[in-house]
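A.B. asks: My questions will all concern the structure given below.
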Amino acid sequence: MNSWKNFILQEASRILGIPKDTLRYYDRLGIVSPTRENNRYRRYSRNDLIDLMNIQIMQYADFSLDEIKGRFWGSTGWRR
């Protein structure tokens, strides 16, 4: 049984310090793909939060979103 909580957009934004609009933008780009509830609300898993932290680190290292998506993001998600 998975005891990890899934976080709504507002919670993920607060935890990571990333604006909600930025999280929505990443979703549109396909860099992160949170699950959706029946009401279409985004739900971020623990792995989604880890991916977003990795994206932040890459951006701090001056990687562009295109570079992050091309080099580090595969068709099945973050290349671990």
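A.B. asks: Step through the residues of the stretch 48-59 one at a time and calculate ³J(HN,Hα) from phi using the Karplus curve (6.51 cos²θ - 1.76 cosθ + 1.60, θ = phi - 60°), rounding each to whole Hz and writing x for Gly and Pro.
C.D. replies: 4, 5, 5, 4, 5, 5, 4, 4, 4, 4, 4, 5
A.B. asks: Would you mind working out the accessible area per residue for the chain, using a 1.4 Å probe, and quoting it in Å²?
C.D. replies: It amounts to 70 Å² per residue over the chain.
A.B. asks: Another question, if that's okay. Counting only protein heavy atoms and a 1.4 Å probe, tell me what percentage of the chain's accessible area is made up of carbon and sulfur.
C.D. replies: For the chain, the apolar C and S fraction of the accessible surface comes to 48 percent.
A.B. asks: Right, another one. How large is ³J(HN,Hα), in whole Hz, for each residue of the stretch 25-42 in order, when computed from phi with the Karplus curve 6.51 cos²θ - 1.76 cosθ + 1.60 and θ = phi - 60°, using x for Gly and Pro?
C.D. replies: So the J values, rounded to whole Hz, are 5, 4, 5, 4, 6, x, 6, 9, 10, x, 6, 10, 7, 4, 7, 6, 5, 6.
A.B. asks: Limiting things to C-alpha atoms, what are the Rg and the maximum Cα-Cα separation (Dmax) for the chain, in angstroms?
C.D. replies: For the chain, the Cα radius of gyration and maximum Cα-Cα distance read 12.4, 39 Å.
A.B. asks: Expressed in nm to one decimal, what extension gain is obtained for the pair Thr22 and Lys5 from 0.36 nm per residue of sequence separation less their Cα-Cα distance?
C.D. replies: My answer for the length gained is 4.0 nm.
A.B. asks: Which residues' amide hydrogens lie under 5 Å from the amide hydrogen of Phe7, considering only partners 5 or more residues apart or on another chain, with H built in the peptide plane?
C.D. replies: Residues meeting the criterion, in which the H sits 1.01 Å from N, are Tyr44, Ser45.
The values are calculated or read from the model by the stated rules, or taken from the named source; none is laboratory data. Note that the structure is predicted; figures quoted are calculated from it, not measured. These area figures cover heavy atoms from the full protein model, side chains too; ligands, DNA and RNA do not enter into them. Shrake-Rupley method; radii C 1.70, N 1.55, O 1.52, S 1.80 Å.
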